[in-house]
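Trainee: I'd like to ask some things about the structure below.
Bear in mind that the values in this text are calculations on the coordinates, not laboratory data. Remember, it's a predicted structure, so these values are computed and weren't measured experimentally. FYI the Cβ positions are ideal-geometry reconstructions off the backbone, even for glycines, and counts take in every protein chain you see.
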Amino acid sequence: MDAIAQGHDVDLIDASSQKHAELGQYDLIGFASGIYGGSFHPDVLDFVKRNLTEGKRVFFLYTSAGLGNAKSIAKAVEGKSAVVAGEFGCKGFNTFGPFKLIGGTGKGHPDETDLENARRFFDSICE
Ligand SMILES: Cc1cc2nc3c(=O)[nH]c(=O)nc-3n(C[C@H](O)[C@H](O)[C@H](O)COP(=O)(O)O)c2cc1C
């Protein structure tokens, strides 16, 4: 999120520390998370439930060990008549369970190429 926010008029909200937000004023709303047990973080799903107003244009960003997808967040916005502009996922540094013993996987990710791809994705849905 930090990478794509540069050069755009973007407000960042940490869904873990801020449970309530007024989202009515925004034209486009992104939800970003690592993938845990196949799902976006519960705090992000909860934030959607509490705060997303009807009929908003939304997008999804995630990092994962490589098997991530946006199904959980797509399901969370389903009842809100949201229009999904797109999703972007890439590898993140993963030290889950036994992977810690081998120094983790996806070290160095998201890397500069991942961030550039994320910026391109964001530019494309802003056009
Ligand atoms: C408890 C836990 C569960 C995870 N489950 C998955 C998973 O189901 N699929 C996957 O591809 N990656 C999984 N990962 C890897 C994370 O999605 C990845 O490391 C991500 O970049 C973490 O983001 P963060 O650094 O913002 O926490 C898991 C990591 C942890 C710690």
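Trainee: What 222 nm value per residue comes from the helices of the chain, counting each DSSP H run with n ≥ 4 as -39,500 (n - 2.57) and dividing by all residues, nearest 500 deg cm²/dmol? Walk me through the numbers before you get to the answer.
Mentor: Numbers: 4 runs with 37 residues, N = 127.
That calculation yields -8500 deg cm²/dmol at 222 nm.
Trainee: Using all C-alpha to C-alpha distances in the range 2-126, build P(r) with 5 Å bins and read off the rounded percent in each one.
Mentor: 2, 10, 20, 23, 21, 13, 7, 3, 1, 0
Trainee: Please give the charge dipole size of the chain, origin at the Cα centre, charges +1 on K and R Cβ atoms and -1 on D and E Cβ atoms. Round to the nearest 20 debye.
Mentor: On the way: 13 positive and 17 negative charges, 119 e Å.
Roughly 580 debye for the chain.
Trainee: In whole percent, what relative contact order does the chain give with Cα contacts below 8 Å and a gap of six or more residues?
Mentor: Values: 187 pairs, mean separation 28.3, N = 127.
The value is 22 percent.
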